[in-house]
Amino acid sequence: MARSPTTSDAFNAVAEPRRRQILDLLALGERPVNDMVASLGMGQPQASKHLRVLREVGLVTVRGVGQQRLYTLNAERLKAIYDWVRAFEPFWDHQLDRIKVRAERLAGEQAAKPDQYDKGD
């Protein structure tokens, strides 16, 4: 069975960890390809391949300045991912509340225990 193309939508494009790293860098501002190559420690052909995928799904835009290609994040295209993930936020909030209650209970139990090192010699 043929694998679905990674360029079909933002979800598939960001499934690749290296592409997420590129998006993280571009969230800091516009960058030339060579800067991303140096920052991420990847080869220029590999970076260009990932940037092409991100460009095809509209997650990044590119403009030429002389011989440089400057890439910019198009965060609006991440909104579909954000909207989908937001549906799971109540589960995270619930889990965080449970962790907080448990941590507070354990801290209370620890405070109530006599310190084993404070025993008189």
The correct count of residues that are surrounded by 14 or more Cβ atoms within 10 Å (Cβ to Cβ), modelled with pLDDT of 95 or more, assigned to a helix (DSSP H, G or I) and not aliphatic (A, V, I, L, M) in the range 21-48 is 1
Output the residue which, of all residues in the range 63-92 that are surrounded by 14 or more Cβ atoms within 10 Å (Cβ to Cβ), under 15 Å from Arg19 (Cα atoms) and among the hydrophobic types (A, V, I, L, M, F, W, C), is modelled with the highest pLDDT. Leu73
Filter pass, Gln110 being out of contact with any Cys (no Cβ under 9 Å at 6 or more places or on another chain) and surrounded by 10 or more Cβ atoms within 10 Å (Cβ to Cβ): no
Could we say that Arg3 is loosely packed, with under 10 Cβ neighbours inside 10 Å and modelled with pLDDT under 95 here? yes
Pairs under 9 Å by beta carbon, first residue on the phi > 0 side of the Ramachandran plot in the range 18-31, partner surrounded by fewer than 16 Cβ atoms within 10 Å (Cβ to Cβ), six or more apart or different chains? Gly29/Thr72
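The values are calculated or read from the model by the stated rules, or taken from the named source; none is laboratory data. It should be emphasised that the depicted structure is a prediction, and the values quoted were computed from it without experimental measurement. Here Cβ is always computed from backbone atoms with ideal geometry, including for glycine, and neighbour counts include all displayed protein chains.
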